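Colleague: Dropping the structure in here first, questions after.
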Amino acid sequence: MLPHAHPMILIDRVMPQGPSCTRAAVRIHEDTMFCEMPSGVPAFVGVEYIAQTVAAHAGLRARRAGQPVRIGFLLGTRRYDCAAPCFPPGTELTIEVVTAYEGPTVSQFSGVIFDARGGELARGAVTVYVRKGVAGEA
């Protein structure tokens, strides 16, 4: 569903989705990519958590439509705000993305990162470019 390879797949699992919304989960532990013990994963990595949840959203939609998964690129983010400088070890994150605008090659999504109790930790908008080729093509 994601056109990424390990170790760069940062989300742990994808949860049920709607037509314009997808949720993913990440559990932060000392072996989590980008974790800097003892503080945890720097908050700016949340942008990539949101971007990978967007990729999962697109991959699920493509699979449902019987289409191949296309490769996308993060173009940028706007107004990314995080309540803390890092996501500490032991934190369970839920990432939710909602389609704000969808075009043929460029789309924008709003994303929110929640803690295990549903408290908002971070929020931002990402803009992505989806190329015409599919994953695995040169």
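The values are calculated or read from the model by the stated rules, or taken from the named source; none is laboratory data. Treat the numbers as computed from the prediction; the structure is a model and nothing was measured. In this analysis, Cβ positions are derived from the backbone assuming ideal geometry, glycine residues included, and neighbour counts consider all displayed protein chains. We work out accessible area using only protein heavy atoms, side chains counted, and drop any ligands, DNA or RNA first. Shrake-Rupley method; radii C 1.70, N 1.55, O 1.52, S 1.80 Å.
Colleague: Along the range 64-81, what does the Karplus equation 6.51 cos²θ - 1.76 cosθ + 1.60 (θ = phi - 60°) give for ³J(HN,Hα), rounded to whole Hz, x for Gly and Pro?
Modeller: 4, 8, x, 10, x, 6, 9, 7, x, 10, 6, 8, x, 9, 10, 6, 7, 10
Colleague: I'd like the FRET efficiency for ARG63 and ARG27, computed as 1/(1 + (r/R0)^6) with the beta carbon distance as r and R0 of 25 Å, rounded to 0.05.
Modeller: Step by step, r from the Cβ atoms, then E = 0.50.
Colleague: Between ALA100 and GLU120, take the C-beta separation as r, use R0 = 25 Å, and let me know the FRET efficiency to the nearest 0.05.
Modeller: Values: r = 17 Å, r/R0 = 0.69.
Using R0 = 25 Å, I get an efficiency of 0.90.
Colleague: Another one. For the range 117-125, what does the Karplus curve 6.51 cos²θ - 1.76 cosθ + 1.60, with θ = phi - 60°, yield as ³J(HN,Hα) per residue in whole Hz, taken in order and with x for Gly and Pro?
Modeller: Result, rounded to whole Hz: 8, x, x, 6, 9, 7, 8, x, 10.
Colleague: Shifting gears a bit: With the other protein chains left in place, how much accessible area per residue, in square angstrom, belongs to the range 1-114 at a 1.4 angstrom probe? The partial results should precede the final answer.
Modeller: On the way: 6070 Å² over 114 residues.
Accessible area per residue: 53 Å².
Colleague: Report in % the part of the accessible area of the chain that belongs to carbon and sulfur, leaving out ligands and nucleic acids; probe 1.4 Å. Walk me through the numbers on the way to the answer.
Modeller: On the way: 4220 of 7560 Å².
The nonpolar share, carbon plus sulfur, comes to 56 percent.
Colleague: Further question: Mind ranking LEU75, LEU60, LEU93 by accessible surface for me, highest first, 1.4 Å probe?
Modeller: Values: LEU75 110, LEU60 40, LEU93 0 Å².
Reading off the accessible areas and sorting them downward yields LEU75, LEU60, LEU93.
Colleague: Please give the FRET efficiency for ARG13 paired with PHE34, using the beta carbon to beta carbon distance and R0 = 25 Å, rounded to the nearest 0.05.
Modeller: Approximately 0.85, to the nearest 0.05.
Colleague: Quick check: the distance between the Cα centres of the range 49-65 and the range 77-138, to the nearest angstrom?
Modeller: 11
Colleague: If you don't mind, there's one more thing I want to ask. Where Rh denotes the Kirkwood radius from the mean inverse Cα pair distance, what is Rg over Rh for the range 32-124?
Modeller: Details: Rg = 14.3 Å, Rh = 14.2 Å.
So for the range 32-124, dividing Rg by the Kirkwood Rh gives 1.00.
Colleague: Each residue of the range 19-30 in turn: what ³J(HN,Hα) in whole Hz from Karplus with 6.51, -1.76, 1.60 and θ = phi - 60°, glycine and Pro shown as x?
Modeller: These are the phi-based 3J(HN,Hα) values: x, 10, 9, 9, 10, 9, 10, 9, 10, 7, 9, 4 Hz.
Colleague: Still on this model: Only sites in a loop by DSSP and with at most 15 other Cβ atoms within 10 Å count here; which GluC sites (Glu not before Pro) in the range 1-101 make the cut? Let's see the in-between values first.
Modeller: Numbers: sites: GLU30, GLU36, GLU48, GLU92, GLU96; in loops: GLU30.
When the GluC sites (Glu not before Pro) of the range 1-101 are filtered for loop state and at most 15 Cβ neighbours within 10 Å, GLU30 remain.
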